[in-house]
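The values are calculated or read from the model by the stated rules, or taken from the named source; none is laboratory data. The structure displayed is predicted, hence computed values, not measured ones. Reconstructed Cβ throughout: ideal geometry from the backbone, glycine too, with neighbour counts over all protein chains shown.
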Amino acid sequence: MRLIQSLVIATLLTAGAAQAQKIKVGYWTSGFSLGFGVVMEQLKFAEKEGLDVEWVKFAEVNGPTRAIVPQTIDLAFAAPSTASMSIAADGVPVKIVLATQIAEAQIVVPAGSPIKSIADLKGRKIGMSPPGSATHAIVSSVLEGNYGLKATDYSVVPGNEGRLSQFLLQKEVDAASIRSVTIAQMSEDVKLTRLASVVDEWKKLTKSNAAPILAVTIVHSDYVAKNPEAVARFIAATRKALEFGSKNKDKVAELLQQAANMKPTGAKAYASQWDGAYMASFETGDVDSLKRMHAIRKAAGAAKSDPPDAAFLTGPYQRSKQIK
C-alpha cells in the first residue's frame with residue numbers, strides 16, 4: 001500500500017513539474033531594480049510558484065521594455081514606468097500589471113547651506129534626473145504645485161545618481177533631488193541637510209496616499225491572454241519576495257555581494273533602503289498615480305498621447321492575492 005502511495009505522489013510531482021508554465025522574464029541588472037531582481041532570481045520565488053522561468057538580463061535600463069515589443073521576453077520586471085506607458089500609448093500590445101518601485105528621492109542641500117526651505121530654491125541650481133524622466137517630472141511638478149516654483153524659477157543641472165552626488169560634493173549645484181540609497185552609500189564625511197521627501201510631497205500634491213511610481217511590471221498582451229494564471233503567480237512571487245526583503249535585509253545584502261560584487265558597506269546601505277524603494281501593488285490608487293504622472297509628462301511635452309485604460313490590467317494582481 002505504501003509503495004502505491006509513493007508511486008502516486010511521485011507521479012503527481014512529475015506531472016506538476018511537467019506542467020510548469022514557461023515564462024521569459026527580463027530585468028535591468030543595475031540601478032535600483034537590481035536588488036529586487038537578484039532576490040527574485042537567486043531565491044527562486046517565481047519557480048516556487050510553479051513557473052519555469054528563463055531570466056534574461058539587460059545592461060541598459062530600457063532593454064527589457066524594448067525586448068518585450070518583438071516578444072523576445074514575455075514579461076519585463078521593474079521596467080521604467082514612463083517608457084512602459086509611452087509604448088502602451090503608441091499602441092504596442094502590452095499590459096501594465098504591477099507597480100514595483102517607488103520614485104523615492106530626497107531634496108537635499110550641503111550642511112551649512114543658507115538654503116533652509118524649498119522656497120529658498122528660487123534662482124538656484126538644482127541637480128536632478130534629466131528632463132523626460134519620471135523623477136524629473138515628479139520633482140518639477142512638486143516644486144510648482146506645492147511651492148509655486150515654475151521651471152523658469154531655477155536652473156536644472158541634469159545627471160544620473162553618480163553625477164548628482166558629485167555635483168553636491170563639488171558644490172556645482174545648490175541642491176539636488178537624490179535617492180536615499182545614494183545618500184546612504186556616500187561617505188560619512190559628507191554632511192547633507194534634507195529639505196523634503198519627494199514621496200511625501202507627491203502625496204501632498206495629489207491629495208492621496210499613493211506613492212509616485214518609478215518602475216512597473218509589464219507583460220505582452222498575447223502572453224497574458226493565454227497565460228493569465230502564470231502572470232498572477234509571478235505577481236504572487238513578487239509580493240512574497242517584497243515581504244522577504246523587508247524582513248531579511250542582511251540576506252539581501254549578502255545576495256548583492258555575491259551576485260553583484262558589491263562591497264559589504266555598499267550592499268548593506270542598499271538593502272537598508274528596501275522598504276522605501278520597493279512595492280508590489282496595483283490598487284486603484286496606484287493606477288491613478290501612474291496616470292497622473294503621465295499627464296504631467298504630457299503637459300510638459302514629453303509624451304504625445306495617453307495609454308488606453310485597457311493597458312492597466314489589474315486582474316492578475318487581484319488574483320495573486322488569493323495565491324498563498
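General remarks:
- Residues that are over 23 Å from residue 97 (Cβ atoms) and either part of a loop (DSSP other than H, G, I, E, B) or of a type in the set (D, E, K, R) (or both), drawn from the stretch 267-300: 268, 273, 300
Every residue, every condition in (1) closer than 29 Å to residue 316 by Cβ; (2) in contact with a Pro (Cβ under 9 Å, 6 or more places away or on another chain); (3) of a type outside the set (Gly, Ala, Ser); (4) assigned to a helix (DSSP H, G or I), yes or no:
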{"position": "165", "(1), (2), (3), (4)": "no, no, no, yes"}
{"position": "168", "(1), (2), (3), (4)": "no, yes, yes, yes"}
{"position": "195", "(1), (2), (3), (4)": "no, no, yes, no"}
{"position": "208", "(1), (2), (3), (4)": "yes, no, no, no"}
{"position": "225", "(1), (2), (3), (4)": "yes, no, no, yes"}
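- Test for residue 101: is it more than 27 Å from residue 136 (Cβ to Cβ) and outside any helix (DSSP H, G or I): no
- Failed item, numbered, when residue 157 is tested on (1) in a helix (DSSP H, G or I); (2) free of Cβ contacts under 8 Å to residues at least 40 places away in the same chain; (3) among the aliphatic types (A, V, I, L, M): (1)
- Each residue in the stretch 223-255 was checked for being touching a Phe, Trp or Tyr at 6+ places or on another chain (Cβ under 7 Å) and surrounded by fewer than 20 Cβ atoms within 10 Å (Cβ to Cβ), and 2 of them qualify.
- Evaluation of residue 261 against the conditions (1) out of contact with any helix residue (DSSP H, G or I) (no Cβ under 9 Å at 6 or more places or on another chain); (2) within 23 Å of residue 104 (Cβ to Cβ) shows that the sole unmet condition is (2).
- Taken together, 65, 72 contain a single residue that is closer than 30 Å to residue 306 by Cα and either at pLDDT 95 or above or among the basic types (Lys, Arg) (or both), which is 72.
- Hits in the stretch 22-45 - residues which are among the aliphatic types (A, V, I, L, M) and under 18 Å from the mean Cα position of the chain (by Cα): 25, 34, 38, 39, 40
- Residues that are under 15 Å from residue 95 (Cα atoms), charged (D, E, K, R) and in contact (Cβ under 8 Å) with a residue 24 or more places away in the chain within the stretch 284-324 comprise 286, 306, listed in sequence order.
- Within the stretch 33-50, the set of residues being within 18 Å of residue 101 (Cβ to Cβ) and either free of Cβ contacts under 8 Å to residues at least 12 places away in the same chain or not in a loop (DSSP other than H, G, I, E, B) (or both) comprises 33, 34, 35, 36, 37, 38, 39, 40, 41.
- Number of residues in the stretch 115-129 that are touching a helix residue (DSSP H, G or I) at 6+ places or on another chain (Cβ under 6 Å) and part of a loop (DSSP other than H, G, I, E, B): the value is 2.
- Looking across the stretch 170-193, the residues that are in a loop (DSSP other than H, G, I, E, B) and of a type in the set (A, V, I, L, M) come down to 173, 186, 190.
- The set of residues in the stretch 67-114 that are within 30 Å of residue 127 (Cβ to Cβ), surrounded by fewer than 17 Cβ atoms within 10 Å (Cβ to Cβ) and among the hydrophobic types (A, V, I, L, M, F, W, C) contains only 111.
- Take the conditions (1) more than 22 Å from residue 98 (Cα to Cα); (2) without any contact (Cβ under 8 Å) to a residue 24 or more places away in the chain; (3) within 19 Å of the chain's Cα centre (by Cα); residue 264 misses just one of them, which is (3).
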